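K.L.:
I have a structure I would like to understand better, so I am pasting it below and will then ask my questions one at a time.
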């Protein structure tokens, strides 16, 4: 099963479920159903300190390509007015469930409608697991799904923000470049504006991979490092990452690797067109997405309203893999920035739901 490994602390039966072939969505959905209660009991600040009373909804939307896309929302408890919609764009080795459940609940408890989708081929959405045939297709799917979500009655007419993490940061930026007037700002967490040199294959190997991607695009042949080891500074939290049993953890598919490289190369030449309010957050010791590239984005973006915050000593997963205190600090920084960028247009959840 490639890079998949047994999960510490769960039964042989649960591991057998987790280690099945996850190429297709029905298998991933079965695994998620088996693990959802176990995940909620994990010893992680995002689960232990999750606010009570958050209203959640899960559903599927069929996109323009006929794929079922998993969607989820987290709304404040009844009686709390919604300030804005926050639309999450997840990263490559991630999903819009698991750790993000705790992140979303904390943001929702501060008065936001939080929405998330799994990209085609990731999480609970249809598509070959971990396969990106065209990066711009994922960008278009993000736009398509969030156009529907922005029209939902509880957030219609309210400010709307993108929250992109890692590869999701690159997707969020490309969405923004296509429809800047549709968004009131974007929060980028360790954005993949450019793949770090440590994560890139050597130049000669890149050329070979590009050639092979035309012959066997779906093949899992791109060498990858242990992302959890590089991304999670706290060793105990690193172990818990395995419980996201439906995240893609195998070797990168050839076409996927080429598309990620191409997308970051394109972004590098377009960042000066970004004019929306911008919050960029990055671990100063990130070895997955280089914080120097966030500095480059901050300096080159045309926005007059932009903030860059680097967290000393932190790795890639600043919302999941750091100390409890650092995770809460980053969440508070996001919420404070959102609060400062919301208009006074409020909507009472009670009167609109």
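Every read-out reported here was derived from the displayed coordinates using simple, explicitly stated rules and does not represent laboratory data. In this text, all values refer to a predicted model and were calculated from it rather than measured experimentally. Note: ideal-geometry Cβ built from the backbone for every residue, glycine included; neighbour counts use all protein chains shown.
K.L.:
Highest first, please rank the peptides 249-257, 118-126 by the mean number of other Cβ atoms sitting within 10 Å of their residues.
P.N.:
118-126, 249-257
K.L.:
Here is a follow-up. Could you list 38, 142 so that the one with the fewest beta carbons within 10 Å of its beta carbon is first and the one with the most is last?
P.N.:
38, 142
K.L.:
Fewest to most neighbouring Cβ within 10 Å: what's the order for 74, 337?
P.N.:
Taking fewest neighbouring Cβ atoms as first place, the list is 337, 74.
K.L.:
Next question. Is the shape of the chain best called rounded, prolate or oblate, per the rule: a/c under 1.5 gives rounded, else a/b larger than b/c gives prolate, else oblate, with a ≥ b ≥ c the square roots of the Cα gyration tensor eigenvalues?
P.N.:
It is rounded, given that a/c, with a ≥ b ≥ c, falls under 1.5.
K.L.:
Give me the percent of DSSP beta bridges within region 193-322 that run antiparallel, rounded to the nearest 5.
P.N.:
Once the DSSP bridges in region 193-322 are tallied, antiparallel ones form about 25 percent.
K.L.:
Right, something else. Would you mind ranking 60, 35, 88 so that the residue whose beta carbon has the fewest other beta carbons within 10 Å leads the list?
P.N.:
So the ranking, lowest neighbour count to highest, is 60, 35, 88.
K.L.:
Full-extension gain between residue 143 and residue 210, please, as 0.36 nm times their residue separation minus the C-alpha to C-alpha distance.
P.N.:
21.3 nm
K.L.:
Next question. Quick one: of the DSSP bridges fully inside the chain, what percent are antiparallel, nearest 5?
P.N.:
35
K.L.:
If I build a Gaussian network model for the chain, linking alpha-carbon pairs within less than 10 angstrom, which residue out of 302, 50, 16 has the largest mean-square fluctuation?
P.N.:
Top of the fluctuation ranking is 16.
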